[in-house]
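The values are calculated or read from the model by the stated rules, or taken from the named source; none is laboratory data. Only a predicted model underlies this, so the values are computations on that prediction, with no experimental measurement involved. Here Cβ is always computed from backbone atoms with ideal geometry, including for glycine, and neighbour counts include all displayed protein chains. Each accessible area value is taken on the protein alone, full model and side chains, heavy atoms only, with ligands, DNA and RNA left out. Shrake-Rupley method; radii C 1.70, N 1.55, O 1.52, S 1.80 Å.
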Amino acid sequence: MSGSRKIWDVPTRLIHWALVVLIPFAWWSHDDHMDWHRAGGYAVLGLLVFRVIWGFVGSTSSRFAHFVRGPRTTLAYLPALLKRNRSDFSGHNPLGGWSALILLGALISQVVSGLFAVDVDGLESGPLSDRIDFETGRLFAQWHETSFAVLQIVIVLHIAAVIFYLVYKRSNLIRPMITGFSASNVCQHLMFASWRRIGLIAVIAASLVWWVAAGLRI
Amino acid sequence: MASMNFKTLSFLFCALTAPLVAQSQTLTPAEIIEQRQALYREIGTAFKTIRDESGKPTPMKFAMQNSAKRIASALREVQPMFPAGTGSSSGVETEALDAIWTDKADFDKRYEASIVEADKLVALLKQPDMEQTRAQFKVLGNQCKGCHDKYRLEE
């Protein structure tokens, strides 16, 4: 495939699409299926823990150091938004990098608030809510709700941006996130982490989630 | 005192109890709603305590028993606190839906049922078996939820 190179590794792509499924699932289940809601939350927590660690030790394109750019670089990229052609980056462009961070932050806020939330009846609550009293748990529940409003906005903006890139800039960002390959010609060496490393980080993330689900009691 | 006739006695009775009656009748809808919500927050706190304890390896039975007793007594306290005019028509912010008053018979029946289940929980907590307690806790929770689904404003 000339002009087509691998950008995104398997874990990054899997995590992205798993979240696309888990977030609506968690929203749907919160009404009458709190067991499922908790399971979904734990799954998201595990994926987030993995992704954050991966941002430091994962494949090059997934590392924060690779795609989070400073204000000068980000501002310098802005004029390229209006150009009707694709820009070439080995992964996120500077704006995309920041939006990925914002999305991650919104998700972390959503999950962490849920760990301590208590519902209005005191019947359903997160795994760490026994550390706090009822009124504080109610505050966490309100945070959990507000956080979801923010998350929805950020997700809508994300989807709008992807569509903008597809239609206006003629740059398909969806296919690379599925196949891992992009029609990018940037001459930059990308390292892809081994399956052993993937396995190790996955075990760490799963262990942490198991511990949290047990209320931080071994 | 033996010579006091019935008229005097009844006058004295009314004079002494009138202030008490007058006071309970001057509770505004806002005050009733506020007291209602405070009692429900107590019930919520009590539910949380029972739930927290039952999840621990060594639950504090004493705390659970106190909480269960509080739920049963608070439910009884709240029961008469839904007089007409304390819903959306009161102008005060409340989650009590108008269905409570249009369907009062069903509301009262469900309330009675929740008190019965709460009393069962209190009784079960006197026994050492935690499994039955946990099961009854779920039953009580579902009883509460059934009423809330119909009569309380969804958040």
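In table form, for the structure just shown:
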{"quantity": "Hits in region A:145-158 (condition: within 21 Å of A:LEU101 (Cβ to Cβ) and either open to solvent by 30 Å² or more (accessible area, probe 1.4 Å) or without any contact (Cβ under 8 Å) to a residue 60 or more places away in the chain (or both))", "calculated": "A:THR146, A:SER147, A:PHE148, A:ALA149, A:VAL150, A:GLN152, A:ILE153, A:VAL154, A:ILE155, A:VAL156, A:LEU157, A:HIS158"}
{"quantity": "When residues of region A:114-124 are limited to those that are open to solvent by 10 Å² or more (accessible area, probe 1.4 Å) and outside any loop (DSSP other than H, G, I, E, B), the one nearest to the other protein chains (Cβ to nearest Cβ)", "calculated": "A:PHE116"}
{"quantity": "Positions within region A:169-190 being surrounded by 13 or more Cβ atoms within 10 Å (Cβ to Cβ), in a loop (DSSP other than H, G, I, E, B) and more than 19 Å from the chain's Cα centre (by Cα), in sequence order", "calculated": "A:LYS169, A:SER171, A:ASN172, A:ALA183, A:SER184, A:VAL186, A:GLN188, A:LEU190"}
{"quantity": "The lone exception for B:THR94 - which of (1) outside any loop (DSSP other than H, G, I, E, B); (2) buried (at least 17 other Cβ atoms within 10 Å of the Cβ) it fails", "calculated": "(1)"}
{"quantity": "Residue list for region A:128-141, restricted to those being within 22 Å of the chain's Cα centre (by Cα) and within 10 Å of another protein chain (Cβ to nearest Cβ)", "calculated": "A:ALA141"}
{"quantity": "Considering residues of region A:56-80 that are part of a helix (DSSP H, G or I) and in contact (Cβ under 8 Å) with a residue 40 or more places away in the chain only, the residue most open to solvent (accessible area, probe 1.4 Å)", "calculated": "A:VAL57"}
{"quantity": "Some residue of region B:125-146 being under 15 Å from the mean Cα position of the chain (by Cα), surrounded by 19 or more Cβ atoms within 10 Å (Cβ to Cβ), of a type in the set (D, E, K, R) and within 13 Å of chain A (Cβ to nearest Cβ)", "calculated": "no"}
{"quantity": "Test: B:GLU42 is among the acidic types (Asp, Glu), on the phi < 0 side of the Ramachandran plot, within 12 Å of another protein chain (Cβ to nearest Cβ) and in contact (Cβ under 8 Å) with a residue 12 or more places away in the chain", "calculated": "yes"}
{"quantity": "Among the residues listed as B:ALA74, B:ALA105, B:ALA113, the single one being over 17 Å from B:GLN35 (Cα atoms) and either within 14 Å of chain A (Cβ to nearest Cβ) or open to solvent by 60 Å² or more (accessible area, probe 1.4 Å) (or both)", "calculated": "B:ALA105"}
{"quantity": "Exclusive hit being open to solvent by 40 Å² or more (accessible area, probe 1.4 Å) and within 20 Å of the chain's Cα centre (by Cα), set A:ALA161, A:ALA193", "calculated": "A:ALA161"}
{"quantity": "A:ALA26 open to solvent by 30 Å² or more (accessible area, probe 1.4 Å), in a helix (DSSP H, G or I), of a type in the set (A, V, I, L, M, F, W, C) and modelled with pLDDT of 95 or more", "calculated": "no"}
